[in-house]
Amino acid sequence: MRDETQIERAIARAFRPQRRLSRRMFLRQTGRGAVIAGSALSLPAILAACGIGPGASTAPSAGSQAALPSAPAGTLDFANWPAYIDIDEETGDYPTLAKFTEESGIEVAYTEAINDNEEFFGVIQPDLAAGNPPQYDLIVMTDWMIEKMIRLGYLSELDRSKIPNFDANALDLYKDPWYDPGNVHSMAWQSGITGIGYNPTLTGREITTFDDLLDPEFAGRVGMFSEMRDTMSLALLSLGIEPEEATVDQATQAKDKLLAAAQAGQFRNFYGNDYYDELANGNLAVTVAWSGDVSQMKLYDNPDVEFVVPDTGGMLWIDNMAIPNKAAHPLDAHMMMNFWYDIENAVPLTEYVGYFSPVTGVTERVLEDAETAEAEGDQEWADALRVIAETANPTDEVLANVHNYRKLSEEEEAQWNDLFNEVVAG
Amino acid sequence: MPRHWRWLVPYLFLIPGGLWLLAFFVVPMLVMASVSLQTGSLGTGYALTWNFGVYPEMIGAWAPQFERSLWYSIVVTALTLAVGYPMAYTIAFRGGRYKSILLLLVILPFFTAYIIRTLSWKLILADNGFVLGNLKDIGFLDDGFRIIATPIAVISGLTYNFLPFMVLPLYVALEKIDPKLVEAATDLYASRLQAFLRVTLPLSMPGVFAGSLLTFIPAVGDFINSEILGSRDTTMIGQIIQRLFLNNNAYPEAAALGFMLMAAVLALVFIYARFVGADELTR
């Protein structure tokens, strides 16, 4: 999968020589955009899903604490999303990961294996259900998926004594979250907001609300997410319904609203990560979007784009590190988790990925680095860092208008999926 | 080996292939059949309840995508035949010493991964990319014109991706034809067109048949072209199966759809064989 991702990056690079991209951003950008349905479409993913299928007759009992060995194994299999860690564009190495290896002696097999929560879950689920050791020791999943995996007993409990940095340095927003009370199974990686990204030169006006996405004036130039929870939740909010409390009847109303627009040809398509390119290159005038993406796009790909939290409300998502049951190297995974909550390591991560950091004091440190860069005469980098500092933490105003996903029971989830499948498949 | 065991030899040769098919075709098919008739959920697990109702339910839910996949594939097969036949004909009869190079060119796209080839079209034909963008700049095309995210893009993508599967069997069939037969036909006062229609075309039918199957069958189940080049309105059944399997973990529903897709393809291939005549294959 990794190889495929890298080849796709290369080809995307070949076709976009004209784009004004700093070298640093270029790699991550092509990574993010070109990954497209890479893993979704890979044969192994499907084989993995259907080969074992629902073989396990019962889910394992609630997750138990991994029996940690006394010494690290010296290796760690870490699955993460594309372009979600700092990369040295010259060599393709991961500098902060290399620092971890240097300090701990643990070799990290880092793979950008995750393009979509549900698809990745579909790939690892058979092993987890069958009680087999999973392929990865450490995975990064979005809050609602963490909640689901905890419910299914697929995640092991964390040993707090091995992750002191979290208790010392995590921001309150990421402690004791709704999807994992007491952080028993997970720790935030980065977070962001699902809202609206748009290009004012194409829309010709300011976009403020979800219903702007359904304005016939933009027919065929609107993007939607193929991820059920984000799209349904924003639609629910636009109907004045709190997603966390939504019933299946209310979800049906949201479906009807989306379906009517889809059938009228309002949406160009339903996108995964690939919406980024479509918005950056002007194929989309307005689209559902993730906050960090749009600030990066503004900096490096298309200065015109804007991100807005719809006045009806946006969705706050938190991606989390977690250890699947029976992981082969749990102590190494704990050490990795602890490592990222050291501000020295959290800062380069944020300066690269540009999402909300869960670590205290990152904003101030990014601003300091901007001062340093300016003093050294690198004005472009200083400006970029200032933009990143601004978005490294959500403001109270933003937090007042964002919502959490609903904890869907399996039955509800199947019903919501059925509703949403009607919307995405014409 | 004693003489009276000799009848066994051909069967011994079948063993490796037979075991392979058993392990990687028959067993998975049985597992799929079983899965399609199970009910349950991730939390409670799945149990075989002989839930045959899932089949009509899935047909009811996804008939439009089914029809669309079949329809697209028929069009794609016809297009690859229309484009591929002249190609194969030219290579076989006019290729001369360039035959190998021309054949290499036909399969050259396979040196790049399928997804990447498809992805490239998305970039090449982007709304404001270097093809459409320039045509729009000179006013040849309307600003709102697009190819990506339309059925044309999906059908073209499929046609492009499957063309070599049509050309190669056609070439093999055409190459075997003895040019003297065509000469004989013209000696007997057949026009070139008549000679083609009465001699070359019938003799190449096994290639047409094989090429059509090799194009049609994978095209029906394809989910990559529509995913990358299409839109909501081009959703094909392969995408639905993929989504049900991986995104929704709806294993029984996806397995049932997979089975029905196979049945539909078998039925169509059977009808086609009756029309074209399976005897053409054994000629």
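The values are calculated or read from the model by the stated rules, or taken from the named source; none is laboratory data. From a predicted model like this one, the values you see are computed outputs, not experimental measurements. Positions of Cβ are backbone-derived with ideal geometry, glycine not excepted, and every protein chain shown enters the neighbour counts.
So for region A:98-117 (the condition being at negative phi, β-branched (Val, Ile, Thr) and within 13 Å of chain B (Cβ to nearest Cβ)), does at least one residue qualify? Yes, because at least one residue in region A:98-117 is at negative phi, β-branched (Val, Ile, Thr) and within 13 Å of chain B (Cβ to nearest Cβ). Within region B:209-233, the set of residues being in contact with a strand residue (DSSP E or B) (Cβ under 9 Å, 6 or more places away or on another chain) and surrounded by 24 or more Cβ atoms within 10 Å (Cβ to Cβ) comprises just one member, B:Gly230. Of the helices (runs of 4 or more DSSP H) contained entirely in region A:338-426, those carrying at least 3 residues that are within 23 Å of A:Tyr84 (Cβ to Cβ) and in contact (Cβ under 8 Å) with a residue 12 or more places away in the chain fall at A:343-353, A:362-375, A:379-391. In this entry, B:Val199 passes the filter for residues that are farther than 23 Å from B:Leu158 by Cβ and either within 12 Å of chain A (Cβ to nearest Cβ) or part of a helix (DSSP H, G or I) (or both).
Could you check, for region A:206-221, whether at least one of its residues is within 20 Å of A:Phe356 (Cβ to Cβ) and touching a Gly at 6+ places or on another chain (Cβ under 8 Å)? For region A:206-221, residues within 20 Å of A:Phe356 (Cβ to Cβ) and touching a Gly at 6+ places or on another chain (Cβ under 8 Å): absent. The numbered conditions (1) assigned to a helix (DSSP H, G or I); (2) away from every other protein chain (no Cβ under 11 Å) are all true for B:Ile147 except (1). I'd like the residue in region B:244-266 that is assigned to a helix (DSSP H, G or I) and facing chain A (nearest Cβ under 7 Å) and, out of all such residues, is nearest to A:Val222 (Cα to Cα). Selected residue: B:Asn247. Quick one: would you say B:Ala126 is in contact with a helix residue (DSSP H, G or I) (Cβ under 9 Å, 6 or more places away or on another chain), closer than 24 Å to A:Gln266 by Cα and touching a residue at least 40 places away in the same chain (Cβ under 8 Å)? For B:Ala126, the condition - in contact with a helix residue (DSSP H, G or I) (Cβ under 9 Å, 6 or more places away or on another chain), closer than 24 Å to A:Gln266 by Cα and touching a residue at least 40 places away in the same chain (Cβ under 8 Å) - is not met. Considering every residue within region B:27-48, establish whether at least one is in contact with a Leu (Cβ under 6 Å, 6 or more places away or on another chain) and more than 13 Å from chain A (Cβ to nearest Cβ). Scanning region B:27-48 turns up no residue that is in contact with a Leu (Cβ under 6 Å, 6 or more places away or on another chain) and more than 13 Å from chain A (Cβ to nearest Cβ). Of all residues in region B:180-201, exactly one satisfies the criterion of being of a type in the set (Phe, Trp, Tyr) and surrounded by 11 or more Cβ atoms within 10 Å (Cβ to Cβ), namely B:Phe196.
In the set (1) under 21 Å from the mean Cα position of the chain (by Cα); (2) buried (at least 19 other Cβ atoms within 10 Å of the Cβ); (3) outside any loop (DSSP other than H, G, I, E, B), A:Pro82 fails one condition alone, (3). Residues in region B:226-243 that are within 8 Å of another protein chain (Cβ to nearest Cβ) and in a helix (DSSP H, G or I): B:Glu227, B:Ile228, B:Arg232, B:Asp233, B:Thr234, B:Gln239, B:Ile240, B:Gln242, B:Arg243. Taken together, A:Ser295, A:Ser291 contain a single residue that is surrounded by fewer than 24 Cβ atoms within 10 Å (Cβ to Cβ), under 29 Å from A:Gly240 (Cβ atoms) and of a type in the set (Gly, Ala, Ser), which is A:Ser295. Of the residues making up region A:185-240, those that are of a type in the set (Ser, Thr, Tyr) and either in contact with a Pro (Cβ under 9 Å, 6 or more places away or on another chain) or more than 30 Å from A:Ile163 (Cα to Cα) (or both) are A:Ser186, A:Ser191, A:Tyr198, A:Thr201, A:Thr203, A:Thr208, A:Thr209, A:Ser226, A:Thr231, A:Ser233, A:Ser238. Scanning region A:264-295 for residues that are among the polar types (S, T, N, Q) and more than 9 Å from every other protein chain (Cβ to nearest Cβ) yields a count of 5. Test A:Ile388 against the criterion of being more than 18 Å from the chain's Cα centre (by Cα), within 22 Å of A:Leu97 (Cβ to Cβ) and either surrounded by fewer than 19 Cβ atoms within 10 Å (Cβ to Cβ) or not assigned by TED's automatic domain parsing to the domain that holds A:Asn132 (or both), and give yes or no. In short, no.
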